[in-house]
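Following: one structure in structure tokens, then a few remarks.
The values are calculated or read from the model by the stated rules, or taken from the named source; none is laboratory data. Source: prediction; values computed, not measured. Please note: Cβ atoms are built from the backbone with ideal geometry, for glycine as well, and neighbour counts cover all protein chains shown. To get the accessible areas, we keep the full protein, side chains included, count just its heavy atoms, and leave off ligands, DNA and RNA. Shrake-Rupley method; radii C 1.70, N 1.55, O 1.52, S 1.80 Å.
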Amino acid sequence: MTQPASPHQKMALDLRVNGKPYAVNVEPRRTLLDALRHDCGLTGTKKVCDMGNCGACTVILDGRTVYACLVLAAECENQSVTTIECSDQDEAPWLSALQQAFIDHDAFQCGYCTPGQLMSLSALFSKNSTPDEQAITDAVAGNLCRCGAYRHILKAASAVADAERAKWADP
């Protein structure tokens, strides 16, 4: 990371997003959300409240969920950032199954909260492949859905957990 001489001078950063390197030049005040959307061209992470209230911008930063609107891009250098665009099974092993469950259970309406909901659940499933309903509810507690699809979101995540439990059940 190159230190800028002034707060408006851009700095060079090397970000690792979805397993790929991105060399970006940003002002020190640039959030991870804006760097992802404007500098990396990854627009799946949504900018909704821009104040850390809604969870639409949730990404996974070194295995933990964060609101990308509250994290400076400069803080993310040499860390792994995973977004909704990730197709690498090593980076986001649960994302594909969760996306399919959202489709199967009609767990989205307008779609603005969907990326954040999926990233929060992906982080949960990476730590616990068979979470119970309370763990699922807790995982998405910081993600607001203005359309009211919560019941479907919980059903979708529960279906993924149930499928995983079934794999390990005795025949």
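For this structure, a couple of remarks:
- On Cα atoms only, tilt of 114-127 relative to the major axis of the chain in degrees: 70
- Mean accessible surface per residue for region 1-123, computed with a 1.4 Å probe while every protein chain stays in place, in Å²: 47
- Isotropically averaged projected area of region 84-138, using the convex hull of Cα atoms (one quarter of hull area), nm²: 3.8
- Size check on region 8-126: the Cα extents along the three principal axes, sorted descending, read 47, 30, 21 Å.
- Within straight-line reach of residue 155, meaning a Cα separation under 13 Å, sit the following aspartates and glutamates at least 8 residues removed in sequence or on another chain: 104, 106, 132, 133.
- Rounded to 10°, Cα long-axis angle of helix 95-104 versus longest principal axis of the chain: 50
- With the simple model of a label 7 Å out from the Cα in the direction of the Cβ, residue 87 to residue 100 spans 1.6 nm.
- Adding -39500 (n - 2.57) for every DSSP H run of four residues or longer, then dividing by how many residues the chain holds, sets the calculated 222 nm ellipticity at -9000 deg cm²/dmol.
- Region 72-171: radius of gyration over Cα atoms, expressed as a fraction of 2.2 N^0.38 Å: 1.10
- Annotation: residue 65 carries an accessible surface of approximately 70 Å², with a 1.4 Å probe and no ligand, DNA or RNA atoms counted.
- What a 1.4 Å probe finds exposed on the chain is 50% carbon and sulfur by accessible area, rounded to a whole percent.
- Cross-link partners for residue 20 among the lysines, with Cα-Cα distance under 21 Å and sequence neighbours closer than 8 places in the same chain left out: 46.
- Among 99, 144, 89 the positive-end extreme of the charge dipole of region 83-171 (Cβ point charges): 144
- Residue-level accessible surface for residue 158, protein heavy atoms, 1.4 Å, Å²: 30
- Antiparallel %, DSSP beta bridges [both residues in the chain], to 5: 90
- Gain upon complete extension [residue 164, residue 79; 0.36 nm per residue less C-alpha separation]: 27.7 nm
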